[in-house]
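The numbers here are math on the coordinates, done by the rules we state, and not lab data. Just so it is clear, the structure is predicted and the values come from calculations on it, not from any experiment. Glycine gets a Cβ as well: all are built from the backbone with ideal geometry, and neighbour counts include every protein chain shown.
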Amino acid sequence: MFDEPKIDATKLLGAALAPYGYAPEAVAHALNAIAKAAECEALPNATRSGLALLEAERLTGDAIFCLRLGRSLNLSDFGSLGFAVMSCVNLREALELLTRYHPLLELGPEWRLIRGDQSTTLMTSAPGLEPEMWRALTEAAFSLLAKAGEDLIGRPIIELSINVSYPEPECAHEYRAYLNTQCLFDQPNCEIVLPNWLLDQPIRTANPAGNVVFRQQCEEMLRSLNQVENVSARVRRVIMQAGRTDQDIVQVARALAFSERTLRRRLAEEGTSYRTIEDEVRNILARNYLATTQLTVADIAELLNYTEPASFRRAFKRLNGMTPQQFRKR
């Protein structure tokens, strides 16, 4: 939850803490302090996320804060990853996608999908984590998954079973309300078990053409996770992850913890500019839309925030040496 803006952790946790009376600035300060301390100690990402969740529990005094957090989030809060899940055909495809791109969520070090004759198990583990930290991460992740499944098929998913490896917490009686099922504690693994027939349930927002585009964006983010990035690449990833091109430089600078002036200077040192990177991202999305969807040129221009289709055509030809129609035919 703390590495670069795969997810804007400050924004998500800040929104969850707002009802408790905490100002966004105070939340940002606390999370940044945790992130810096964890980086100094070279702690894993899951540990940093767990520390933040436990700090949120401490601040609020709410024993079920993590359960509430998962239920308060929407898939659209997670940018390209959320849109990729929402555009899958059925729950099976959505789970397969989540297991591939789970590092972008940073709610645990490993998720695995184990298929059986009658059921499929989504299993996660965190060796070496303190039980309380693992509890916080699991509550947030599992309640998020329960809410996401409900949103995807249009009803609560009550046919699943949940096991967790930590001791029964004091708030165990709240689990059914947030997870839609009973939970067994002190089990060998943390897992959600679903009957195979349930995985064939169609997703209401399925969009195969859009899914291709969002998967490509997730692939790019996943490849970049373990690479040392320059500022240009980080800016590009912020815009790509958001799934839109209407962010201004002030928003992107804030996401990267820079001032606008510093960001402009760093980009200039790398021989580029915010406008150039924004045009590059627009072009990547435009090529994907033209190659994988039946959207009209006017629709694509609107999606990419061009003032009119003619402006989009001119920009596309300047960058690609051909018109959008010629590119689509090729």
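Give the residue from Ala315, Pro188, Val297 lying farthest towards the positive end of the charge dipole for the stretch 179-329; charges sit on Cβ (+1 for Lys and Arg, -1 for Asp and Glu) and the dipole is referred to the Cα centre.
So the residue we want is Ala315.
Evaluate the distance, in nm, between pseudo-label points positioned 7 Å from the Cα of Glu269 and of Glu130 along their respective Cα→Cβ axes.
Those two pseudo-labels are separated by 3.7 nm.
What is the Cα centroid distance between the stretch 117-185 and the stretch 308-330, reported in whole angstrom?
What the calculation gives is 48 Å, centre to centre.
Given axes a ≥ b ≥ c from the Cα gyration tensor, I'd like to know whether the stretch 173-330 is rounded (a/c under 1.5), prolate (a/b larger than b/c) or oblate.
Here the stretch 173-330 falls in the oblate category.
Assign one of three labels to the stretch 79-177, namely rounded, prolate or oblate, based on the Cα gyration tensor with a ≥ b ≥ c the square roots of its eigenvalues; rounded applies when a/c is under 1.5, prolate when it is not and a/b is larger than b/c, and oblate otherwise.
Prolate, because a/c is 1.5 or more and a/b exceeds b/c.
Between Leu184 and Leu222, what is the spin-label point distance in nm, taking each point 7 Å from the Cα along the Cα→C-beta axis?
3.1 nm
With a/c under 1.5 counting as rounded, go ahead and sort the stretch 118-239 into rounded, prolate or oblate using the C-alpha gyration tensor (a ≥ b ≥ c being the square roots of the eigenvalues; past the cut-off, prolate if a/b is larger than b/c, else oblate).
Oblate, because a/c is 1.5 or more while a/b does not exceed b/c.
Quick one: dipole size for the stretch 255-300, taken about the Cα centre, charges +1 on Lys/Arg Cβ and -1 on Asp/Glu Cβ, in debye to the nearest 20.
Dipole magnitude for the stretch 255-300 comes out near 140 debye.
What is the sum of charges around Cys66, taking Lys and Arg as +1, Asp and Glu as -1, for the other residues whose C-beta is under 11 Å from the C-beta of Cys66?
Within the 11 Å Cβ shell, the charges total -2.
Under a point spin-label approximation (7 Å from Cα along Cα-to-Cβ), what is the Thr262-Phe327 distance to one decimal in nm?
Calculated label separation equals 3.4 nm.
Tally Lys and Arg at +1 and Asp and Glu at -1 over the other residues with C-beta under 10 Å from the C-beta of Leu54: what net charge comes out?
-2
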